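**Q** Structure provided below as structure tokens; questions to follow.
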Amino acid sequence: MKSLVLSSFIICIFLLSCTGSKYSGYEFIPISKEAVSYKPIFPDSIQTVKFKSEINIYKNYLTGLLIVKKESDSSLHTILLTEMGIKLFDLNVKNNSYIINFAIEQINRQDLFDLIAQDVRLIFTDYLKNNRIELFADNKSDLRLLRINNFGTWLYHYFYADKPFIKKIESASSGNPQIELTIEYSKDSIPEKLYLKHRDFDIELGLEVLTDD
């Protein structure tokens, strides 16, 4: 199988001061977070999402069906099946922990499931419910940057003022991006494809949203 080609771009993140910061050709200035018009990737009205998945873990490739079901505001039931319907893992992801209900022996590793749980949270958490947020605007374009202090990890959400759908999320520690998630939308502003890459590990994830049509 060919390796995943991620249609992503890299932006180096520096700590933003209250007077604004420059990076990647943009100059962001702080604005009131009350001005934000922002939509999470998957709103609360969507309870279950199915993805056609392609996963590259250290040059080992898995394809199949990833199912994520919101059981509550703090619990995401996550299952990965092969194309033949064989279960590879089953876990419940919570805000700061997770429970492995089942995993095949070949992938039953805590370090791997730490990353999987982190990825699921990154995609499905509505961070506007988090009060530790700041909003910045590029003074030469409609680009917006939402910065979230998520228990010591900085999350950067990129979107445009006239199209408040997240285009990219970066998760960073000490100013260095570690995870990059990019999202492609349909003409109806519905998420179609998600691409996720761990920069410190040879792990890439491609997800195509499946509809009931």
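The values are calculated or read from the model by the stated rules, or taken from the named source; none is laboratory data. Here the structure is a predicted model, which means the values were calculated and not measured. Positions of Cβ are backbone-derived with ideal geometry, glycine not excepted, and every protein chain shown enters the neighbour counts.
**Q** Here's a check for you: in the stretch 89-116, which residue that is over 21 Å from His198 (Cα atoms) and of a type in the set (A, V, I, L, M) is surrounded by the most Cβ atoms within 10 Å (Cβ to Cβ)?
**A** Ala103
**Q** Residue check: is Glu54 farther than 24 Å from Asp202 by Cα, of a type outside the set (Gly, Ala, Ser), in contact with a strand residue (DSSP E or B) (Cβ under 7 Å, 6 or more places away or on another chain) and assigned to a strand (DSSP E or B)?
**A** Considered against the rule, which asks whether it is farther than 24 Å from Asp202 by Cα, of a type outside the set (Gly, Ala, Ser), in contact with a strand residue (DSSP E or B) (Cβ under 7 Å, 6 or more places away or on another chain) and assigned to a strand (DSSP E or B), Glu54 comes out as no.
Here's the yes/no breakdown for (1) acidic (Asp, Glu); (2) out of contact with any helix residue (DSSP H, G or I) (no Cβ under 7 Å at 6 or more places or on another chain); (3) under 30 Å from Lys59 (Cβ atoms):
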residue	(1), (2), (3)
Leu155	no, no, yes
Pro164	no, yes, no
Lys167	no, yes, yes
Ile179	no, no, yes
Glu184	yes, yes, yes
Pro191	no, yes, yes
Tyr195	no, yes, yes
Leu205	no, no, yes
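**Q** Given Ile190, Ile169, which one is touching a strand residue (DSSP E or B) at 6+ places or on another chain (Cβ under 8 Å) and either modelled with pLDDT of 90 or more or of a type outside the set (A, V, I, L, M) (or both)?
**A** Of Ile190, Ile169, the one residue that is touching a strand residue (DSSP E or B) at 6+ places or on another chain (Cβ under 8 Å) and either modelled with pLDDT of 90 or more or of a type outside the set (A, V, I, L, M) (or both) is Ile169.
**Q** If I ask for residues that are more than 18 Å from the chain's Cα centre (by Cα), of a type outside the set (Gly, Ala, Ser) and outside any loop (DSSP other than H, G, I, E, B), which ones from the stretch 126-147 would you list?
**A** Matches in the stretch 126-147: Glu134, Leu135, Phe136, Asp138, Leu143.
**Q** Okay, next question. Take the stretch 127-168 and flag every residue that is under 13 Å from Lys39 (Cβ atoms) and of a type in the set (A, V, I, L, M).
**A** Leu128, Leu146, Ala161, Ile166
**Q** If you take the residues of the stretch 79-92 that are under 14 Å from Lys50 (Cα atoms) and in a loop (DSSP other than H, G, I, E, B), which of them is modelled with the lowest pLDDT?
**A** Looking at residues that are under 14 Å from Lys50 (Cα atoms) and in a loop (DSSP other than H, G, I, E, B), I get Glu83.
**Q** Residues of the stretch 189-213 being in a loop (DSSP other than H, G, I, E, B) and either of a type in the set (Phe, Trp, Tyr) or under 20 Å from Lys52 (Cα atoms) (or both), which ones?
**A** Passing the criteria: Ser189, Ile190, Phe201, Thr211, Asp212, Asp213.
**Q** Among all residue pairs at least 6 apart or on different chains, which show Cβ distances below 6 Å where the first residue, located in the stretch 84-108, is basic (Lys, Arg) and the second is surrounded by fewer than 14 Cβ atoms within 10 Å (Cβ to Cβ)?
**A** Lys94/Ser74
**Q** Please count how many residues of the stretch 114-150 are among the aliphatic types (A, V, I, L, M) and modelled with pLDDT of 90 or more.
**A** Looking only at that region, the number is 6.
**Q** Ok, one more. Surrounded by 15 or more Cβ atoms within 10 Å (Cβ to Cβ), assigned to a strand (DSSP E or B), among the charged types (D, E, K, R) and touching a residue at least 60 places away in the same chain (Cβ under 8 Å) - does that describe any residue in the stretch 176-185?
**A** Within the stretch 176-185 (the criterion being surrounded by 15 or more Cβ atoms within 10 Å (Cβ to Cβ), assigned to a strand (DSSP E or B), among the charged types (D, E, K, R) and touching a residue at least 60 places away in the same chain (Cβ under 8 Å)), the answer is yes, since at least one residue qualifies.
**Q** Does Leu76 satisfy the condition of being modelled with pLDDT of 95 or more, buried (at least 17 other Cβ atoms within 10 Å of the Cβ) and over 25 Å from Leu128 (Cα atoms)?
**A** no
**Q** Looking only at residues that are among the hydrophobic types (A, V, I, L, M, F, W, C) and part of a strand (DSSP E or B) in the stretch 93-106, which one is farthest from Ile55 (Cα to Cα)?
**A** Ile99
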